[in-house]
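This report refers to the structure that appears directly beneath it.
The values are calculated or read from the model by the stated rules, or taken from the named source; none is laboratory data. Keep in mind it's a predicted model, so treat the numbers as computed, not measured. Reconstructed Cβ throughout: ideal geometry from the backbone, glycine too, with neighbour counts over all protein chains shown.
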Amino acid sequence: MIDINALKKGIYDILDITAITDLVTGIYHKKAPQGTPYPYILYWIVTGSNRDTFGSWGDDVLVQIDVFCKDKDKAGDAVSGGTHCGVISEAVTEAMDEADISANGYSNIFCQRQGPPRDLFEEDVEVYHHVLEYRVILGKAKV
């Protein structure tokens with residue numbers, strides 16, 4: 001069975017690149033610290049299953065990446081929150097589409113986005129929110 005912490009680190013390592021970090025105040029697993037300024041990214045593993053064949057172990061997981069924006073960019077300059085969410089989501093898709101994620105000896109077999117981003121607006125807090133989902137399959141030969 002895959003080490004979930006190693007998988008979370010593998011996903012974080014894919015997202016922690018200049019093309020993304022230049023646009024956001026942070027990348028966090030599941031929850032941003034209280035008071036984190038927008039825009040930021042959350043990622044988490046929604047569900048997963050493992051499999052065992054005669055020659056290999058495998059894990060199939062659904063990863064969700066959430067982009068949250070308001071009306072200012074990372075530098076504090078005024079922007080359209082919805083448009084800026086799109087810019088950040090595009091940077092995420094460029095990094096994640098067919099990404100080579102590895103975790104404790106498991107290697108990437110498949111990493112593909114599941115449909116277009118869901119474009120949401122949370123009226124109570126006036127936050128733009130894009131949801132991206134990725135199906136990730138990893139495998140490891142039995143020894």
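If you take the residues of region 73-89 that are surrounded by 15 or more Cβ atoms within 10 Å (Cβ to Cβ) and out of contact with any strand residue (DSSP E or B) (no Cβ under 6 Å at 6 or more places or on another chain), which of them is farthest from Thr18 (Cα to Cα)? Looking at the filtered set, the residue picked out is Val79.
Note on region 101-131: residues that are at pLDDT 90 or above and on the phi > 0 side of the Ramachandran plot amount to 1.
Yes/no matrix, rows are residues, columns are (1) closer than 24 Å to Pro37 by Cβ; (2) more than 14 Å from the chain's Cα centre (by Cα); (3) surrounded by 13 or more Cβ atoms within 10 Å (Cβ to Cβ); (4) β-branched (Val, Ile, Thr):
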{"position": "Ala91", "(1), (2), (3), (4)": "yes, no, yes, no"}
{"position": "Asp97", "(1), (2), (3), (4)": "no, no, no, no"}
{"position": "Tyr106", "(1), (2), (3), (4)": "no, yes, yes, no"}
{"position": "Ile109", "(1), (2), (3), (4)": "no, yes, yes, yes"}
{"position": "Gln114", "(1), (2), (3), (4)": "no, no, no, no"}
{"position": "Glu122", "(1), (2), (3), (4)": "yes, yes, no, no"}
{"position": "Tyr128", "(1), (2), (3), (4)": "yes, yes, yes, no"}
{"position": "Arg135", "(1), (2), (3), (4)": "no, no, yes, no"}
{"position": "Leu138", "(1), (2), (3), (4)": "no, yes, yes, no"}
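Scanning region 65-87 for residues that are in a helix (DSSP H, G or I) and of a type in the set (Ser, Thr, Tyr) turns up just one, Thr83. Screening Val24, Val79, Val61, Val46 for residues that are among the hydrophobic types (A, V, I, L, M, F, W, C) and without any contact (Cβ under 8 Å) to a residue 60 or more places away in the chain leaves exactly one candidate, Val79.
The condition (being touching a residue at least 12 places away in the same chain (Cβ under 8 Å), of a type in the set (Asp, Glu) and assigned to a helix (DSSP H, G or I)) is satisfied by just one residue among Glu90, Glu94, Glu133, Glu98: Glu94. Among the residues of region 11-50, the one identified as closer than 19 Å to Cys111 by Cα, assigned to a loop (DSSP other than H, G, I, E, B) and either modelled with pLDDT under 95 or not β-branched (Val, Ile, Thr) (or both) is Asp16. Residues of region 104-114 include at least one that is part of a strand (DSSP E or B) and small (Gly, Ala, Ser).
On inspection, Lys8 passes the criterion of being at pLDDT below 95, surrounded by fewer than 19 Cβ atoms within 10 Å (Cβ to Cβ), within 27 Å of Pro116 (Cβ to Cβ) and not polar (S, T, N, Q). The set of residues from region 15-41 being within 15 Å of Ser102 (Cα to Cα) and either buried (at least 19 other Cβ atoms within 10 Å of the Cβ) or basic (Lys, Arg) (or both) comprises just one member, Leu15.
Filter region 42-70 for residues that are over 17 Å from Leu7 (Cα atoms) and surrounded by 15 or more Cβ atoms within 10 Å (Cβ to Cβ) and give the result.
Matches in region 42-70: Asp66, Val67, Phe68, Cys69, Lys70.
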